[in-house]
Amino acid sequence: MKTEIKINEFERLDDLHRKGYKIIQDPKRFCFGIDAVLLSGFAKVKKGETLLDLGTGTGIIPILLEAKTLGAHFTGLEVQEESAKMAKRSVALNQLEEKVTICHGDLKQIKDLFPEEKFDVVTSNPPYMNEGGGLMNPHSAKAIARHEVLCTLEDVVAAAGKVLRVGGRFYMIHRPHRLTDIMVFFRQYKLEPKRVRFIQPFSDKAPTMVLVEGVKGGNPGVKVDAPLIVYSEAGKYTQEVYEIYYGEGQA
């Protein structure tokens with residue numbers, strides 16, 4: 001019998017357009033954006049593989065990848081307790097308790113949370129902003145999600161390197177201006193960069209995001225994919241982005 005899941009004040013229920021799944025979100029904290037959805041389209045999870053999502057927030061990436069792939073199990077790690085609790089309720093709402101686990105913990109203590117080389121795949125949509133200053137409230141949920149308040153880019157890559165098995169894959173989305181840092185940290189933690197894809201809002205605009213895949217202990221050699229264009233015209237997704245969101249169909 002399906003357990004009734006409470007939706008708290010200020011929270012909303014959003015349709016994920018996959019298998020009838022829905023997700024609980026609180027706009028006062030942080031809601032997932034297009035970057036998480038595009039990362040779910042870039043990451044590859046093969047049949048029987050296990051995945052860890054670092055800084056899972058609402059749990060969007062594990063839930064979407066459970067819907068899209070044949071992976072065996074999906075784990076989300078989140079440092080903010082209230083966000084982790086909300087993600088757990090979304091898992092229960094979709095009756096995914098046997099496939100998706102949400103853990104409350106700090107990725108900087110990853111060695112105390114999971115065995116080394118435990119996962120086949122790691123994903124992360126980490127905080128992008130590293131300026132540090134100018135935050136109205138550096139401890140707010142939105143600030144923690146957007147700025148490197150509780151973890152840095154290096155912390156995220158180091159955690160992925162510890163828990164990935166040799167040959168395992170790390171998928172991350174970030175901003176293009178951090179690409180040099182990303183490549184340096186990947187190699188430092190034995191994650192060989194293998195695939196890069198830039199994301200452009202329109203075909204004639206500069207990239208605003210970048211997707212990167214690294215392989216634990218992989219051989220040198222990186223492939224740059226054709227750019228992913230988000231909009232064909234104002235307010236209309238390209239066919240590829242439409243299919244990432246909704247599956248097969250017409251944009």
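The values are calculated or read from the model by the stated rules, or taken from the named source; none is laboratory data. Computed from a prediction, not measured in an experiment: that's the story for all the values here. Cβ placement follows ideal geometry from the backbone for every residue including glycine, while neighbour counts extend to all protein chains displayed.
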Exactly one of Leu52, Leu70 is under 18 Å from the mean Cα position of the chain (by Cα) and more than 28 Å from Leu153 (Cα to Cα), and that residue is Leu70
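Results for (1) among the polar types (S, T, N, Q); (2) more than 19 Å from Val122 (Cα to Cα); (3) assigned to a strand (DSSP E or B), shown as yes or no for each residue.
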| site | (1), (2), (3) |
| --- | --- |
| His177 | no, yes, no |
| Ile182 | no, no, no |
| Arg187 | no, no, no |
| Pro193 | no, no, yes |
| Arg197 | no, no, yes |
| Glu213 | no, no, yes |
| Pro220 | no, yes, no |
Against the condition assigned to a strand (DSSP E or B) and either within 14 Å of the chain's Cα centre (by Cα) or modelled with pLDDT under 95 (or both), how does Gly76 come out, does it pass?
yes
Hey, can you tell me all the residues within the range 84-96 that are touching a Lys or Arg at 6+ places or on another chain (Cβ under 9 Å) and assigned to a loop (DSSP other than H, G, I, E, B)?
Asn94, Gln95
Reported set for the range 113-133 where residues are among the hydroxyl-bearing types (Ser, Thr, Tyr) and modelled with pLDDT under 65 is Tyr128
Among Leu52, Leu65, Leu38, which is farther than 18 Å from Ala87 by Cβ and either of a type in the set (Phe, Trp, Tyr) or touching a helix residue (DSSP H, G or I) at 6+ places or on another chain (Cβ under 8 Å) (or both)?
Leu38
Which residue out of Val212, Val241, Val166, Val156 is surrounded by fewer than 19 Cβ atoms within 10 Å (Cβ to Cβ) and hydrophobic (A, V, I, L, M, F, W, C)?
Val166
